[in-house]
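Below is one structure, written out as structure tokens; the observations come after it.
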């Protein structure tokens, strides 16, 4: 009998505990806050604006003369005359070095005499042919001999001319270290010869700037040798391919150098000023920072926000250029980012105006 009473009491206690905790659980659920998706946050918004942004790029390169050669001898001979001084400016075709040409003159005179004799024979053979005194075969053979004599004369003249080393273009004579009587070998370099009136600079531009590169763009440059003096050049040519190892493209810049202030081999620090392009721009305060990534909250027509990853360009005062992730006309949250979460509904408390500061 006692066991039955105890069992009834235990059942009653368990039943009461069940209803107590069930009631408490429902009460707790009734007091829980509403889901975040139902929250409405007041914010300031604005449209992504467009601005003509003038980009620039700083690069360093080494100068070369636009026309430059190493003057060398075509034949082996002794130097007879040095017709120019170091660092002198000469005209195209002007004599630079005269080599000893006595043997070349003799060879030319011999070839000239031989050619003249062969021409005389050909004229005589033609006269005899008209009389039927010789055959057509004989006159053809003499005509061939005359052609050979002409070729030998041309070769002798070319050899003679090679003993007179002349300027290939207008330019400036470089340093040399020899004197008359010095023996030079065929192909031996004598001195540098540069046209200093125009200088070229080859620079390597990252491929991301290819769309902004155009022949004729102004390029400014400075050299340590000339302090604050600025030199202005123009892009003359753009290479036909991007280098596979560096992903750069070569660009050639030309500088007018009438006063010869620039010299081959000098380093120039250049600044490329690209043509301004329209780009999306937003205030810096609209950005949310997360490690190395940057986000903005894009507002859709239903007033819901979407956390959007963006790629940034250069900063302009209190604004920043958006390279990727937004387009002009998009509406974004500008102020009120503290309470922002992806997908919540916002209440816009500002008029729809451009967001550029």
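A short reminder: the numbers here are calculations on the coordinates, not readings from a lab. Worth saying up front: this structure is predicted, and the values here are computed from it rather than measured. With ideal geometry, Cβ positions are generated from the backbone for all residues, glycine too; neighbour counts draw on all protein chains shown.
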Simple label model, 7 Å out from Cα along Cβ direction - residue 328 to residue 76, nm | 7.3 nm
Label-point gap, in nm, between residue 91 and residue 307 - each point 7 angstrom along Cα→Cβ | 7.7 nm
With Rh as the Kirkwood radius over Cα pairs, the range 174-244 has Rg/Rh of 1.17
Taking only Cα atoms and a 10 Å spring cutoff, compute GNM fluctuations for the chain and point out the largest among 263, 92, 136.
-> 136
Extent along principal axes [Cα atoms of the range 188-316; Å; largest to smallest] = 79, 35, 28
To one decimal place, what orientation-averaged projected area in nm² is obtained for the convex hull of the Cα set of the chain?
-> 45.2 nm²
Listing 260, 163, 67 from the residue with the fewest other Cβ atoms within 10 Å to the one with the most, what is the order?
-> 260, 67, 163
Residue separation times 0.36 nm, minus the C-alpha to C-alpha distance between residue 202 and residue 335: what's the value?
-> 43.2 nm
Semi-axes of the range 104-156 from the Cα gyration tensor (sqrt of 5 times each eigenvalue, largest first, whole Å) come to 26, 10, 5
Sort 172, 44, 137 so the one with the fewest other Cβ atoms within 10 Å of its own Cβ comes first.
-> 137, 44, 172
The residues 231, 178, sorted from fewest to most surrounding Cβ atoms within 10 Å, come out as 178, 231
Work out the FRET efficiency for residue 349 and residue 258 from their Cβ-Cβ distance, taking R0 = 56 Å, and round it to the nearest 0.05.
-> 0.30
Within the chain, what percent of beta bridges assigned by DSSP are antiparallel, to the nearest 5?
-> 95 percent
Helix-only [θ]222 nm of the chain, DSSP H runs n ≥ 4, -39500 (n - 2.57) each, per residue, nearest 500 | -9000 deg cm²/dmol
How far apart, in nm, are two points set 7 Å out from the Cα along the Cα-to-Cβ line at residue 278 and at residue 157?
-> 6.6 nm
